[in-house]
Amino acid sequence: MKKIDEFNKERDRLNEIVMKYAGLGLKRFLSLDNQFYTEGALPAKTKEMLGLISSFVLRCDDCINYHLDKCNQLGVTNEEMEELLAIGVLIGGSITIPHLRRALEVWDDMRDVA
C-alpha cells in the first residue's frame with residue numbers, strides 16, 4: 001500500500017471520530033475549509049499549491065500529505081512540485097528540510113505508478 005493510501009485511510013478513520021463529536025461551529029469551519037479550494041478566480045490547482053506551500057512553511061506533515069495528494073490529482077508536475085517546495089524551503093528556512101524529505105518521499109511514492 002502506498003504511503004498516501006495509508007495516510008488517507010487513517011485520516012478517514014479519524015475524521016469519522018471528529019464528526020461524531022463535531023458541533024455546528026466545527027462542521028461549518030470544515031465545510032468552509034473545503035469550499036475555499038474549489039474553482040474560482042484562482043484555479044483549484046493553484047489553490048492546492050498555495051495550500052501545500054502554506055502547510056509546508058507551517059510544518060504540518062498531515063496537511064502536507066493532504067495537499068500533495070490533491071496536487072497529484074490535479075496534475076501538478078514533478079517540475080512544478082520541485083519549484084513549489086524550493087520556495088517553501090526559501091521561505092521556511094532550513095527547519096523545513098525534514099519536511100522536504102518526507103514530502104518528496106510521499107510524492108515519489110505516489111508518482112511511481114507501475
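Total residues in segment 101-114 satisfying the condition of being over 16 Å from VAL76 (Cβ atoms) and either touching a helix residue (DSSP H, G or I) at 6+ places or on another chain (Cβ under 7 Å) or in a helix (DSSP H, G or I) (or both): the figure is 3. Entry remark, segment 44-65: residues being buried (at least 18 other Cβ atoms within 10 Å of the Cβ) and of a type outside the set (Asp, Glu) number 10 in total. Only residues that are without any contact (Cβ under 8 Å) to a residue 24 or more places away in the chain and not aliphatic (A, V, I, L, M) were counted in segment 75-114, giving 10. Of the residues making up segment 23-44, not a single one is touching a helix residue (DSSP H, G or I) at 6+ places or on another chain (Cβ under 6 Å) and within 21 Å of VAL89 (Cβ to Cβ).
For segment 27-52, taking the residues that are of a type in the set (A, V, I, L, M) and at pLDDT below 95, the one that is nearest to ILE64 (Cα to Cα) is identified as LEU30. Looking across segment 66-97, the residues that are part of a loop (DSSP other than H, G, I, E, B) and either small (Gly, Ala, Ser) or surrounded by 13 or more Cβ atoms within 10 Å (Cβ to Cβ) (or both) come down to LEU74, GLY75, VAL76, GLY93.
The values are calculated or read from the model by the stated rules, or taken from the named source; none is laboratory data. Everything numeric in this text was worked out from a predicted model, so none of it was measured. In this analysis, Cβ positions are derived from the backbone assuming ideal geometry, glycine residues included, and neighbour counts consider all displayed protein chains.
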